[in-house]
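Input: a single structure, listed below in structure tokens.
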Amino acid sequence: MDDIKDLVVKGRTPAEVINIVANILEDEANSTIKDWLQRVDADELLLTISMDDKARSCHLPQLFEELVYRLRNPLELGDRRLVSRSADAHGITRRRQGYTAAMLVDESRMLQVSIFQTLHLNVHRVDAELLLLSVMTIADEVDSQLAQAMTSFIAESIVDTEPIEA
């Protein structure tokens, strides 16, 4: 990140471009979630877990808030200082709902595709030369939250196998 701080593309600094991307995600969160739900609804494996759209997507508004925060308050890629209680709870919830680990990963992959589709549809609002930095940050944050969800998912599965004490 330090090596691009002095870059200016078309009169915009990297921070300005990232803020524009954050604004797009904020403005388009609902439509991105709808796009994600369409992708999920087309996935036969995920549909084996029956639930309504609200229950399936209830974790996403918080994820978008945290993603926008991360964009506006950049960290080095790969930095794990931000902890998401929402991601932790999401992993536990999905485990209890009957998801497999692969289903959790697919759900996250579909979310990234939906987010990148939203950016593609709004690329006219941002300088493409610096868009990649935002995309890398988005992928890093979504993957970080997936890792946190997987950690709680696995911890919950261990609890499932422990004997119940009276």
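Each value in this text was obtained by applying a stated rule to the coordinates, not by laboratory testing. Keep in mind that this is a model prediction, so the values were computed, not measured.
A few remarks follow.
- Short to long, the 5 Å bins of the Cα pair-distance histogram for the stretch 2-161 hold 2, 9, 19, 20, 19, 13, 9, 5, 3, 1, 0, 0 percent of all pairs.
- When every Cα-Cα distance of the stretch 90-152 is counted in 10 angstrom steps from zero, the calculated P(r) takes the values 20, 44, 23, 12, 1 percent.
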